[in-house]
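The values are calculated or read from the model by the stated rules, or taken from the named source; none is laboratory data. Fair warning: this is a prediction, and the values are worked out from it, not measured in the lab. All Cβ positions, glycine included, derive from the backbone under ideal geometry; neighbour counts span all protein chains shown.
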């Protein structure tokens, strides 16, 4: 029952947020979090990804790959 009340509360808060900020879109906010804070666009207008997030993603993929190798390969 707790999960259902939390879900309802999150839904109500999201609706309230959209009513207060009609031009604020979740996609735009996520894009702002992902883009590079120092230079968000290059000279051609393309998106530059935050280097810290890119490094974290590479490390995550590397660790996940190591996990798969050691869990699937049995001696």
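Miscellaneous remarks
- The single residue among 31, 55 that is assigned to a helix (DSSP H, G or I), touching a strand residue (DSSP E or B) at 6+ places or on another chain (Cβ under 9 Å) and either surrounded by 10 or more Cβ atoms within 10 Å (Cβ to Cβ) or in contact (Cβ under 8 Å) with a residue 24 or more places away in the chain (or both) turns out to be 31.
- Looking across 44, 18, one residue alone is farther than 30 Å from residue 55 by Cβ and either without any contact (Cβ under 8 Å) to a residue 24 or more places away in the chain or surrounded by 10 or more Cβ atoms within 10 Å (Cβ to Cβ) (or both). It is 18.
- Scan of the stretch 3-28 for residues that are at pLDDT 85 or above and outside any helix (DSSP H, G or I), ordered by number: none
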